[in-house]
Amino acid sequence: MKRKLFLMSFGIGAMMLAANHANAQSRNCAAHEAVVERLADRYGESRKSIGLGSDNSVVEVFASDTTGSWTIVVTKPGGPTCLVAAGQSFQTVSDALPDTDQGT
């Protein structure tokens, strides 16, 4: 349980960092369609989650159920899609929220 919570926290933290570092990764940027196609063709990855950053950037996580590879990309409004992180051992988790009710 703690491992799953850690992995989930790590993923959320990575997404927040990814949104802030997209500008520094300009050499890893292309049109969204080209990035999605390359991730599918080369790594067998498909989109697993999507979110909106505080600066209206779209943050997406792509992963392969077969190989466990994963990639986080960020798309700024009107801009290209940039790769910001990648790795191995992707797992899908669905943990329940902890009970924070301190009442009766």
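Observations, loosely collected:
- Among Ile72, Ile50, the order by Cβ neighbours within 10 angstrom, fewest to most, reads Ile50, Ile72.
- The ranking of Thr92, Thr100, Thr75, Thr67 from fewest to most other beta carbons within 10 Å of each one's beta carbon is Thr100, Thr92, Thr67, Thr75.
- For Val74, Val59, order by how many other beta-carbon atoms lie within 10 Å, fewest first: Val59, Val74
- Environment charge of Gly87, counting only residues whose C-beta is closer than 14 Å and scoring Lys/Arg +1, Asp/Glu -1: 0
Read-outs: derived from the displayed coordinates by stated rules, not from any lab. In this text, all values refer to a predicted model and were calculated from it rather than measured experimentally. Cβ atoms come from the backbone with ideal geometry, glycine included; neighbour counts cover every protein chain shown.
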